[in-house]
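Trainee: Have a look at the structure that comes next, please.
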């Protein structure tokens, strides 16, 4: 049944049953492999068992039906070159099917290695996204931080000036500096007034700059919050689907020669499985079943030829009285149609 044979005809040639059972089993298992491969591939897409099983079965049945049609549609008749010419499009189609079937199963076979490579790809993506986000927020943060440093430098400079003036006034009072006289006279009062003035200016500047710096720190906090939020949103949609896994497998084959060789052999294995029924039909000798099948179909071929010949003869009879040139044209066209039909 899987090989597409007519069971009533097969009863007339029981010696052919083992050959077509083998062909049918190959077709069946090709469809089974296709269902498993499609189910796994769709599970990585939908992340749900039921849709993966449903669509996997549909895909497997479609591949099974297609392979069955390809095998059952081939006839063992004519020259070998002609048979290969007829089979070539079917072989190309089988190659395409085998590649489609093999890729998801390759991902499953190398699942651990693919997962590790996928994690590396995720880290690379995270690093790229962090660089992208940093490119948006870091210049703003640097500008605000530089502004705070400038404001703090103003405070530090005035603190140093005030401390210097205080030191000068103290040295004037204890006689260790200035006039070198130990007293708190008018010169000390002048120097003390300069220090007090610097201290008042410092308090005013510190109050103003601290307000500005606090506002800048709030801006920095808001920028950090926005930056972390952007990273969090970007990190939630890291690619983990079928395309990403295929990409990871491709990177693995580029990095590791053993994996590349194993990948090629797995592909060749599925190509061999998918094309096996076709090649079996091509290399097999014409057997009893082919003879019985030809005998069964031959009356339909004879009827078709007979019908075409009668219709052509009738057409010749109808146009025999027309002009000679027109009759010659019609006769040539009828001959062409008869040969091609």
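Read-outs throughout are calculated quantities, based only on the coordinates presented, and are distinct from any laboratory measurement. None of these values were measured; they are calculated from a predicted model. Note: ideal-geometry Cβ built from the backbone for every residue, glycine included; neighbour counts use all protein chains shown.
Trainee: If you line up the long axis of helix 111-174 against the longest principal axis of the chain, both from Cα atoms, how many degrees apart are they, to the nearest 10?
Mentor: That helix lies at roughly 10 degrees to the long axis.
Trainee: Would you work out the relative contact order for the chain, in percent, from Cα pairs under 8 angstrom that are 6 or more residues apart? The partial results should precede the final answer.
Mentor: Details: 283 pairs, mean separation 83.8, N = 341.
RCO, the chain: 25 percent.
Trainee: Another question, if that's okay. Taking the Kirkwood radius as the inverse of the mean 1/r across Cα pairs, report the Rg/Rh of the chain.
Mentor: Rounded to two decimals, Rg/Rh equals 1.51.
Trainee: Here is a further query. Could you list 322, 53, 23, 259 so that the one with the fewest beta carbons within 10 Å of its beta carbon is first and the one with the most is last?
Mentor: With the sparsest Cβ surroundings first, the list reads 322, 53, 259, 23.
Trainee: Give me 170, 90, 217 sorted ascending by neighbouring Cβ count inside 10 Å, so fewest comes first.
Mentor: Numbers: 170 16, 90 21, 217 13.
The fewest-first ordering by Cβ neighbours comes to 217, 170, 90.
Trainee: Helix 17-46 against the longest principal axis of the chain: what's the angle in degrees, Cα atoms only, rounded to the nearest 10?
Mentor: Orientation of helix 17-46: about 20 degrees from the principal axis.
Trainee: Please arrange 298, 289, 40 by how many other C-beta atoms lie within 10 Å of their C-beta, fewest to most.
Mentor: By the 10 Å Cβ count, ascending, the order reads 298, 40, 289.
Trainee: Rounding to the nearest 10 and keeping the result within 0 to 90°, find how far the Cα-based axis of helix 242-255 lies from the longest principal axis of the chain.
Mentor: Helix 242-255 sits at roughly 80 degrees to that axis.
Trainee: I'd like the distance between the alpha-carbon centres of region 91-161 and region 194-236, rounded to an integer number of Å.
Mentor: One Cα centre to the other: 29 Å.
Trainee: If you find the alpha carbon centre of region 1-65 and of region 259-319, how far apart are they in angstrom?
Mentor: Using only Cα atoms to place each centre, the spacing works out to 21 Å.
Trainee: Using helices alone, I'd like the mean residue ellipticity at 222 nm for the chain: each DSSP H run of four-plus residues gives -39500 (n - 2.57), total over residue count, nearest 500.
Mentor: -31000 deg cm²/dmol
Trainee: Now a separate question. Pick from 265, 110, 221 the residue whose mean-square fluctuation is largest in a GNM of the chain, springs joining Cα atoms under 10 Å.
Mentor: For the chain, modelled as a Gaussian network with Cα springs under 10 Å, the answer is 221.
Trainee: Gaussian network model of the chain, Cα springs within a sub-10 Å range: biggest mean-square fluctuation belongs to which of 39, 85, 24?
Mentor: Its mean-square fluctuation being the largest, the pick is 85.
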